[in-house]
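**Q** What follows is a structure written as structure tokens; I'll ask about it next.
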Amino acid sequence: MKDIILHHCNESEWTWINHQISKNPLLGFVATPRHVSKNRQVDASIPIDNTDYLIQTQGWTLDRLVRIYFLFHLNSDDGVKYRQSIQQLFETAEINEAVAIVSGLALLPYAQELKFYGTEAVRSNIGQVFDAFAFNNPYAAMYFSEAEWNQLILKTIFNQKPIHLITGLKERNNETLAISISDFAHERWAAGRTVPAQVWRLVTDFLNSQIWEDIRFLANSNSVSDQKAAYLVCQQSQDKKATDFLQNHTKFQSFKNTLVHWEQLEQL
Amino acid sequence: MCNRLESEMNPPHFTGSESQDMEKVNVDFMAHIENMTFFDPHIHMTSRTTDDYQALADAGIVGIIEPAFWLGQPRTGLSTFKDYYNSLIGWERFRSSQFGIKHYCTIGLNSREANNEALAEQVMEILPLYIYKEGVVGVGEIGFDDQTAAEEKYYRLQLDLAKEGQLPVQVHTPHRDKKKGTIKSMDIAIEQGLEPEMVIIDHNNEETVAEVLDRGFWAAFTIYPFTKMGNERMVEIVKKYGSERIMVNSAADWGISDPLAVAKTAALMKMKGISISDIKKVTYSNAIAAFGQSNQISFEDFEQPVVIDQSATYSGNTILRGGQQPRIDKKSIIIE
């Protein structure tokens, strides 16, 4: 993180950051945009120690990264005091401060004990705060329980946001979530509304009778995106009824000589 | 046809001498302000609905300042102050951004609640946490209500805070005993060592404006039905005093007020022959210049309206792109 900041900072910014770290990093966190660029973009990947996870910073401006750097440098000798500092900053945070805190959770000391701020971000109605936690951020994949994870995914779908930007989508997928997605789709259909086609990638390994009905429904729909989603589920499923259906369904014939993949369905 | 309609729509007290008024009440004010943009430096959006945000955006209001004030009834604890300040720098700013309107705020302990000294002491302790936040363009709205000793004490303390933070001050002037209260507010600001150009004196009227301008302060006028300025009077003020250091706001809140007051006043000024450059100063640029002294707001914020934010990277997503809210057809009985 230090190297990335150094690379993007000018000399006066770097001097201020170091001065503030030794003086008062808490205040440094708050005052960052007054001393560090809030326009300069930072495009980098920050590895999380001892894991394969990365935080990707595309779309970030320098002030966000520097704020996380300050959080990292708060005195962490005493876990209780450290968490109190984070709590104080979060409770009085304006939008960009809240965004910085939830973006950087996975990098911080006592990361696991800071989970409350992750679940709060999922509850947030402020789009930027939700997005900063949900997308290109490994914290949820690393620390969320299954119920918390499922809530994140369902809320992303409900808010018509793109699930493919969530880190750990494959590893953390589970049957409870697949059933919830099917139930959600039924509600949407009953209301005469639609569901983004890419969400069906999450049901591939869990084709119970209700979900299988959904897949057949999609396969027979007039939406090419929904047909493609059904095709991809059948293609990637190990289930025999799906592989048989893949061979025989007439609406799938046109897909067989073309390249069909989930990325095509990621645009909402 | 036209004449018949006109006579039907105009109530009798407009007939007779003031024929100009007859035209004006029924006029489509939006037609007079096409392609103009406005800035309302005083509006309490926490008390308004999303419909008002939509109306503000439609009328060309591109930026607003929400001063911290009282909520119609007194707060009973510190936490409600904190939550209120949080909403000004958080939720309300987001709500506003959904309609493409830039939201700024001023933070302070209002004069009424300064009279609860035990609570006021606690509020003073947390204020420094908030005044350095991004988008906080001043300390406000502070000043006098009943003109009590407690009000004066916390007014002075907050002027010190503004001076320390190099922030402009938005001064609320009292409804009762207004002229004396306005003069006292300016005297105290000078005594505490503030430069007049860092102080915006709000809610002026014909009786206060001359002295405020003479002493080098900014003079804000609130166009608010029944209790504050009407916009016809405002037109006369601009005719008489010009456009230097004068700004117009709506102070729309939970009372009977009009969030479109700035846009309507601009339209009326145009109809009454005030120059476009003067209109622009009093309904847009003077406010940005005054509060721009905080370095938290600048003309560039509005000249480059496309903000590069995280949401721009999620192409193809309607919710995230530009954050604009979908429109509903209010006239339709069908709700989809």
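The values are calculated or read from the model by the stated rules, or taken from the named source; none is laboratory data. Fair warning: this is a prediction, and the values are worked out from it, not measured in the lab. Please note: Cβ atoms are built from the backbone with ideal geometry, for glycine as well, and neighbour counts cover all protein chains shown. Side chains are part of the model used for accessible areas, which takes the heavy atoms of the whole protein and leaves out ligands, DNA and RNA. Shrake-Rupley method; radii C 1.70, N 1.55, O 1.52, S 1.80 Å.
**Q** If one computes P(r) from the Cα atoms of the range A:175-265, what percent of pairs lie at distances over 21 Å?
**A** 22
**Q** Return the distance in nm (one decimal) between the two label points of a simple spin-label model at A:Trp189 and A:Gln235, each offset 7 Å from Cα along Cα→Cβ.
**A** According to this spin-label approximation, the distance is 2.2 nm.
**Q** Given a 1.4 angstrom probe, what's the average accessible area per residue across the protein assembly as shown, in square angstrom?
**A** So the protein assembly as shown comes to 46 Å² accessible per residue, rounded to a whole number.
**Q** Moving on. Tabulate in residue order the Karplus-calculated ³J(HN,Hα) for the range B:29-41, using 6.51 cos²θ - 1.76 cosθ + 1.60 with θ = phi - 60°, rounded to whole Hz; enter x for Gly and Pro.
**A** Coupling constants for the range B:29-41: 5, 4, 5, 8, 10, 4, 6, 9, 10, 10, 9, 9, x Hz.
**Q** Starting from the range B:238-309, pick out the chymotrypsin sites (Phe, Trp or Tyr not before Pro) whose DSSP state is loop and whose Cβ has at most 14 other Cβ atoms within 10 Å.
**A** Taking the range B:238-309 and a limit of 14 other Cβ atoms within 10 Å, the loop chymotrypsin sites (Phe, Trp or Tyr not before Pro) found are B:Trp254, B:Phe299.
**Q** Hand me the trypsin sites (Lys or Arg not before Pro) from the range A:104-191 located in a DSSP loop with no more than 14 other Cβ atoms within 10 Å, in residue order please.
**A** In loop regions of the range A:104-191 (DSSP not H, G, I, E or B), the sparsely surrounded trypsin sites (Lys or Arg not before Pro) are A:Lys170.
**Q** Assuming a ≥ b ≥ c are the square roots of the Cα gyration tensor eigenvalues, decide whether the protein assembly as shown counts as rounded (a/c under 1.5), prolate (otherwise, with a/b larger than b/c) or oblate.
**A** Oblate.
**Q** Then there is this: Suppose each label sits 7 Å from its Cα in the direction of the beta carbon; what would the A:Lys38-A:Ser12 distance come out to in nanometres?
**A** Result: 1.8 nm between the two label points.
**Q** If you don't mind, there's one more thing I want to ask. Rank these residues by their accessible area, most exposed first, probe 1.4 Å: A:Asp43, A:Asp77, B:Asp83.
**A** The residues order as A:Asp77, A:Asp43, B:Asp83, largest area first.
**Q** A follow-up question, please. Under Stokes-Einstein, with the Kirkwood radius over Cα pairs standing in for Rh, what whole-number D in µm²/s applies to chain A at 20 °C and 1.002 mPa s?
**A** The estimated diffusion coefficient comes to 105 µm²/s.
**Q** May I pose another question? So for the protein assembly as shown, taking the charge dipole from beta-carbon charges (+1 Lys/Arg, -1 Asp/Glu), which of A:Ile48, B:Met234, A:Asn18 sits furthest toward the positive end?
**A** Checked the options; the winner is A:Ile48.
**Q** Next question, about the same structure. Would you rank A:Tyr82, A:Tyr53 by solvent-accessible area, highest first, keeping every protein chain in place and using a 1.4 Å probe?
**A** Putting A:Tyr82, A:Tyr53 in descending order of accessible area: A:Tyr53, A:Tyr82.
**Q** Near A:Lys251, which lysines are there with a Cα under 28 Å away, not counting those fewer than 8 places off in the same chain?
**A** Cross-link targets: A:Lys170, A:Lys228, A:Lys240, A:Lys241.
**Q** While we're looking at this one, here's another question. Take the alpha-carbon centre of the range A:128-177, take the same for the range B:98-130, and report the distance between them in whole Å.
**A** Between the Cα centres of the range A:128-177 and the range B:98-130 lies a distance of 36 Å.
**Q** Taking all protein chains as present, what is the carbon and sulfur share of the accessible area of the range A:144-268, in % to the nearest whole number, probe 1.4 Å?
**A** Answer for the range A:144-268 is 49 percent, counting heavy atoms of protein chains only.
**Q** Suppose only helical runs count, i.e. DSSP H with n ≥ 4. What mean residue ellipticity at 222 nm does that imply for the protein assembly as shown under -39500 (n - 2.57) per run, divided by all residues and rounded to the nearest 500 deg cm²/dmol?
**A** Result for the protein assembly as shown, helices only: -13500 deg cm²/dmol.
**Q** Amide H of A:Trp60: which non-local residues (sequence gap of 5 or more, or other chain) have their own amide H closer than 5 Å, using H built in the peptide plane?
**A** Here the answer is A:Val42, since their amide H atoms fall under 5 Å of that of A:Trp60.
**Q** Antiparallel DSSP bridges in the protein assembly as shown: what percent, to the nearest 5?
**A** That works out to approximately 15 percent antiparallel.
**Q** For peptide A:31-39, compute the average count of partner chain beta-carbon atoms within 10 Å of each residue's beta-carbon.
**A** Mean shielding by partner chains, rounded to a whole number: 2.
**Q** Sticking with this structure for a sec: Rounded, prolate or oblate: which one fits the range B:120-230, using the alpha carbon gyration tensor with axes a ≥ b ≥ c (rounded when a/c is under 1.5, else prolate when a/b beats b/c, else oblate)?
**A** Prolate.
**Q** Using θ = phi - 60° and the Karplus curve 6.51 cos²θ - 1.76 cosθ + 1.60, what whole-Hz ³J(HN,Hα) does each residue of the range A:127-138 get, with Gly and Pro shown as x?
**A** With coefficients 6.51, -1.76 and 1.60, one gets x, 5, 6, 4, 4, 4, 7, 6, 10, 6, 9, x Hz.
**Q** Quick one: Debye curve from the alpha-carbon atoms of the range B:34-313 only, equal weights, vacuum; give me log10 I(q)/I(0) at q = 0.08, 0.10, 0.12, 0.14 Å⁻¹ to two decimals.
**A** Per q value, in the given order, log10 I(q)/I(0) is -0.29, -0.46, -0.68, -0.95.
**Q** Give me the inter-chain shielding for A:90-97: mean count of other chain Cβ atoms within 10 Å, whole number please.
**A** 6
**Q** Then there's this: What are the ³J(HN,Hα) values, in whole Hz, obtained from phi via the Karplus relation 6.51 cos²θ - 1.76 cosθ + 1.60 with θ = phi - 60°, for each residue of the range B:232-241 in sequence order, with x given for Gly and Pro?
**A** 5, 4, 5, 4, 5, 4, 5, 4, 7, 9
**Q** Between rounded, prolate and oblate, where does the range A:66-125 land on the alpha carbon gyration tensor, with a ≥ b ≥ c its root eigenvalues, rounded for a/c under 1.5, else prolate if a/b exceeds b/c?
**A** prolate
**Q** On average, how many beta carbons from a partner chain sit within 10 Å of the beta carbon of a residue in A:175-182?
**A** Counting Cβ atoms of other protein chains within 10 Å of each residue's Cβ and averaging gives 0.
**Q** Continuing with the same structure: Please return the longest stretch of chain B lacking exposed loop sites, where trypsin sites (Lys or Arg not before Pro) count only if DSSP places them in a loop and at most 10 other Cβ atoms lie within 10 Å.
**A** The reported range is B:1-175.
**Q** Using a 1.4 Å probe on protein heavy atoms only, how many Å² of accessible area do A and B hide from each other, summed over both chains and rounded to 100?
**A** Chains A and B together bury roughly 2500 Å² of accessible area.
**Q** How high is the FRET efficiency from B:Ala210 to B:Asn115, r the C-beta distance, R0 25 Å, rounded to 0.05?
**A** 0.25
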